[in-house]
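Worksheet: the structure to be examined is printed underneath.
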């Protein structure tokens, strides 16, 4: 029965119905898109093995650190794939050794050899060719040092230079194989491969007995079937990219869901508020409070189901497009895509249920209040909202604000390093914005006070005072857009600036920095050695890496996390005046293979021994020989290059000795030019240019904000439209009292602008808090950092919000007549 | 009239014959120095099967009296009883149910659901009560007000008088014990007003319906059995078997002495 009445009344209020339906459908589509992409990212690649397709059993060292804890075995993925230990090789004599190492054709693989440029370029021993299998298409296999076989088309006998971690090699192409996706290989003789990269990356065998013996040995994994793809070079890279993408998508999904829910709830609340007289009428005719509440809920469920279904359909359309964009931007492996299979059903179901749940929950409170409407309200001429906003909303809003501020304070003062964690940042911003959204009805009045002048101002202020819920609904989307953008963009830009500043600090005493050539992963050992050989300068190479360690104890009683986690670290050749590290106690001169320098966040003292793991999982015990002040670059551990794993140095800091400066510089540039590496004066070095991770984060951020902003813009438009069309009787009355159409348009414009101003003011307060907390955190951790606020972008977003609000508010009035 | 404003006419009446009994009803609005007393300890009895008009100058509290008597509003103090059932102790839901079953209300502004047809409007209270009325019964209800041929029309397609008659049919559909009418002819022209009043009169005379009507129009009041005058929230007199001139004269006296 209630459904019939609900359905029939929908016909007369189709604008409000359309508004809420649109808000819900789009919100659910955003959630569905995110869920589908997240599901695809979590599912991992269903790729078939490439390098080892013809090798039945592939034996590798365990790529994760495992330990027993209370619930079983926990695993932490290692930053670097460990080598197969020599002892194991001795125990499995029949297995063939496979090696993969950095090797790059000078001049470009694709340019010299042709073929598709997919995957990293890697060097192998020739026996590895049989695993894929690669079969010779021309020439002969490498038979001596200096002979290589490549994949593609090449002129045989052609001399080329190959860059390896050790330095450049002059070689000749003696044969070719057909190219395969996944890598661009360079095959050396087995002996030369063993010389270039002594470590064995995998053992391959076709004997089941050997495989069984290997499986029984600790610290090994035996891959067969589809699992062999894990050993493919791109798989490791893809894993890392997908892990990063998932983390980012988690935050993106949380923010999108929050925005969607806030906008949908506002739209529904507004829709119910506009119908108070209709509902009071039903009460006079004989509907009990429960019947009225049930009707409102039934309507919401109806709109919820229809809107969610529509939203899921839209999500199905958009998710593959988003995945393609993500892959195109380099945020994920190139093959990343969203396939719609039976496995997508859970993601869509979640989005659908979320939409219906939000629709019903957001009217729960409104429905209860609808039931409390007295019948006499239908008999009154004026539609004035009850002046009390529900206590639930008040306490909820205050609760969120308090929680947000408390978390911010805790992070700023106690855990400054957490400010770089995207999830913590997102949570703080969301809590503060949620608090502001819930408290919006209380804030609109005071925040629009400056606009009280003039006729328009009088009407605006009175309107807001008697309808704070409606005004709040109009403010919420703008508040979300501006609040989120300023906070998130501001903190991201500030963090980037701080990281930059940290790196510049390191280089402050250097005269020059030597950077790798474009397209190479780092500086070769040969180059570093040659720089060291130049007289008249002091140089040290710095390698970015990460070491595993247990989290530092903050208080005496803190719970130690059972598993070690990776921490950013650098490996250096030696202490050098070229590299500025803020040493508080001890000396870097004592740094060697058994020692380490840590910053104060570790709360260690000189002489203490720390248990750490190298990037490949080897445990080491290192003695603390220096304590550093915290650096803004985020690096807290300094070790020698030997403990830093296989990564190549990313920069060499050079400081001239003063007397022999000119000659030294000349020699430096000659040496660097041989390998196309760049020598840049330290003052002109901008680390951000070389940081691809930063760039990816920036793109990801833009995606996130783009979605939130687009959706909020729709929210602004729909609530403004609903609001104005619901006020038709009131506006008609204004016309009757003598207002021209232009005056009414001006009043609506002014009100929209006033509300946008309120949103901006509240957002400014929130962002001020967030950025202020960030400043405090940085100040405590590493010294004061200037706060970067992207004014231009924020101005553009605010302007666009204001424009959308004004247009959407005045549109219904443009075709307006007094008789309506 | 007795100075305390109570009406002693119900003394001597058979208690069972009282349809609506109002005892010491008080209703105020606002607080502090701005308090407005709409009703001040009003006591009144309406016999069953009677047609009573409640009249008074604006601000006399007559609409408030009607709304409190019909259970649409709650008084600050005092008691309302409909055929022996006290309204004061009932919760919102119970009060609504009682209104649905025993009270009909006709408003000045018709208050029909604009999206429903005349027939759907008439049966709405019954359906809200969970009953499925016979289509024939609805047709009969509309026929009784002379609108059998307009059953499928929406309010926007009906004239003011027709809408008011649909509202009356709606109020009568549940066969209420008492019908309250708040200025039922206020928005109608003289001819249509007469038709509506004739209809109401017929209900009382032929079917023994109890009707309590608030009006400011002496001609409308003349159709009633009895007129009760209200001024400043208190009873200011009554007139049995009223004529329009007598009512108008009394009203003028009240307005002048206020």
query: So how tilted is helix B:92-102 from the main axis of chain B? Cα-based, degrees 0 to 90, rounded to 10.
result: 70
message: For a test of the definition: using alpha carbon positions, the gyration tensor, and the 1.5 limit on a/c, classify the stretch B:61-114 as rounded, prolate or oblate.
response: oblate
query: Per residue and in Å³, how big is the convex hull formed by the alpha-carbon atoms of chain B?
result: 138
- prompt: Which residue fluctuates the most in chain B, going by a Gaussian network model with Cα springs under 10 Å, if the choices are B:128, B:239, B:21?
  reply: B:128
- line: Going from the fewest other Cβ atoms within 10 Å to the most, one would list A:398, A:281, B:199 as A:398, B:199, A:281
message: If R₀ is 45 angstrom, what is the calculated FRET efficiency for the pair residue A:683 and residue A:226, using the beta carbon separation as r and rounding to 0.05?
response: 0.30
statement: When A:711, A:512 are ranked with the fewest other C-beta atoms within 10 Å first, the list becomes A:711, A:512
- request: With a Förster radius of 60 Å, plug the Cβ-Cβ distance of residue A:590 and residue B:187 into 1/(1 + (r/R0)^6) and report the FRET value to the nearest 0.05.
  value: 0.05
- prompt: Between rounded, prolate and oblate, where does the stretch A:174-242 land on the alpha carbon gyration tensor, with a ≥ b ≥ c its root eigenvalues, rounded for a/c under 1.5, else prolate if a/b exceeds b/c?
  reply: oblate
- prompt: Want the number for residue A:551 to residue A:14: 0.36 nm per residue separation, take away the alpha-carbon distance, what's left?
  reply: 187.6 nm
query: Say each of residue A:361 and residue A:673 gets a label point 7 Å from the Cα, pointing the same way as Cα to Cβ; how far apart are those two points in nm?
result: 6.7
- line: Summing -39500 (n - 2.57) over every DSSP H run of at least 4 residues in chain B and dividing by its residue count gives a helix-only mean residue ellipticity at 222 nm, to the nearest 500 deg cm²/dmol, of -10500 deg cm²/dmol
Nearest-0.05 FRET efficiency for residue B:76 and residue A:254, computed from C-beta distance (R0 60 Å): 0.75
query: Among A:480, A:534, which comes first, then next, by fewest other beta-carbon atoms within 10 Å?
result: A:534, A:480
- prompt: Once fully extended, how much extra length lies between residue A:779 and residue A:335, figured as 0.36 nm per residue of separation less the alpha-carbon to alpha-carbon distance?
  reply: 155.6 nm
- line: Honestly chain A on the Cα gyration tensor test (a ≥ b ≥ c root eigenvalues; a/c under 1.5 rounded, otherwise a/b vs b/c for prolate or oblate) is just prolate
- request: Work out, step by step, the length gained on full extension between residue A:741 and residue A:765: first 0.36 nm times the residue separation, then minus their alpha carbon distance; give nm to one decimal.
  value: 5.0 nm
- request: At 7 Å along the Cα-to-beta-carbon direction for both residue A:455 and residue A:305, put a label point, then send me their distance in nm to one decimal.
  value: 5.0
message: Among DSSP bridges having both ends in chain A, what percentage is antiparallel? Round to the nearest 5.
response: 75
query: Helix-derived [θ] at 222 nm for chain A: sum -39500 (n - 2.57) over DSSP H runs of at least 4, divide by residue count, nearest 500?
result: -17500 deg cm²/dmol
field: Cα long-axis angle, helix A:391-413 against chain A (0 to 90 degrees, to the nearest 10)
entry: 20
statement: Relative contact order in percent for the stretch B:167-258 (Cα pairs under 8 Å, 6+ apart) equals 23
query: When the label point is put 7 Å from the Cα of residue A:661 along its Cα-to-beta-carbon vector, which residues of the stretch A:505-527 have a backbone N closer than 11 Å?
result: A:511
- line: Tilt, helix B:118-128 to longest principal axis of chain B (alpha-carbon atoms), in degrees rounded to tens, equals 70
- prompt: Which value in nm describes the separation of the simple spin-label points at residue B:35 and residue A:413, placed 7 Å from the Cα toward the beta carbon?
  reply: 5.1
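Using Cα pairs closer than 8 Å and at least 6 residues apart in sequence, work out the relative contact order for chain A, in percent.
16
A short reminder: the numbers here are calculations on the coordinates, not readings from a lab. What you see is a predicted model; the values in this text were computed from it and never measured. Positions of Cβ are backbone-derived with ideal geometry, glycine not excepted, and every protein chain shown enters the neighbour counts.
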